[in-house]
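Please read the structure below before turning to the comments.
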Amino acid sequence: MTKKPVTKYLRDYQPPSFTVRAVDLHFDLQEDFTMVTAQLNIQGPDGQQDLVLDGRGLELISLALNDKNCRKQTSVWNPNIW
């Protein structure tokens, strides 16, 4: 079933809660796949707020936060969006 398009209005716009300070991307191009390594420096707001990375259609191999592997931590990792 196809989702019906949703109209978004300028009046509903909210600035992002997080600021991306830097992005470092590395692409390893192979004949039958591409491996992308991304390192992001993201600054968030004070207080508790979720940062959601939309990886639908991608295979997540690893995820680290402040150099700590957090792929299996339920507070950080949601396998339903990957």
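I'd like to check something: does region 44-67 contain any residue that is free of Cβ contacts under 8 Å to residues at least 60 places away in the same chain, in contact with a helix residue (DSSP H, G or I) (Cβ under 7 Å, 6 or more places away or on another chain) and surrounded by 10 or more Cβ atoms within 10 Å (Cβ to Cβ)? Taking every residue of region 44-67 in turn, at least one turns out to be free of Cβ contacts under 8 Å to residues at least 60 places away in the same chain, in contact with a helix residue (DSSP H, G or I) (Cβ under 7 Å, 6 or more places away or on another chain) and surrounded by 10 or more Cβ atoms within 10 Å (Cβ to Cβ). Here residue 11 clears all of (1) within 14 Å of the chain's Cα centre (by Cα); (2) part of a helix (DSSP H, G or I) except the condition numbered (1). One residue alone among 19, 34 is β-branched (Val, Ile, Thr) and over 14 Å from the mean Cα position of the chain (by Cα), and that residue is 34.
Take the conditions in a loop (DSSP other than H, G, I, E, B) and either surrounded by 10 or more Cβ atoms within 10 Å (Cβ to Cβ) or of a type in the set (S, T, N, Q) (or both) and apply them to residue 39. Does it pass? Outline the logic, then answer.
Working: in a loop (DSSP other than H, G, I, E, B): no; either surrounded by 10 or more Cβ atoms within 10 Å (Cβ to Cβ) or of a type in the set (S, T, N, Q) (or both): yes.
No, not satisfied.
Read the figures in this text as sums done on the coordinates, not as results from a lab. All of these numbers come straight from a predicted model, not from anything done at the bench. Don't worry about glycine lacking a Cβ; one is built from the backbone with ideal geometry, like all the others, and counts go over all protein chains shown.
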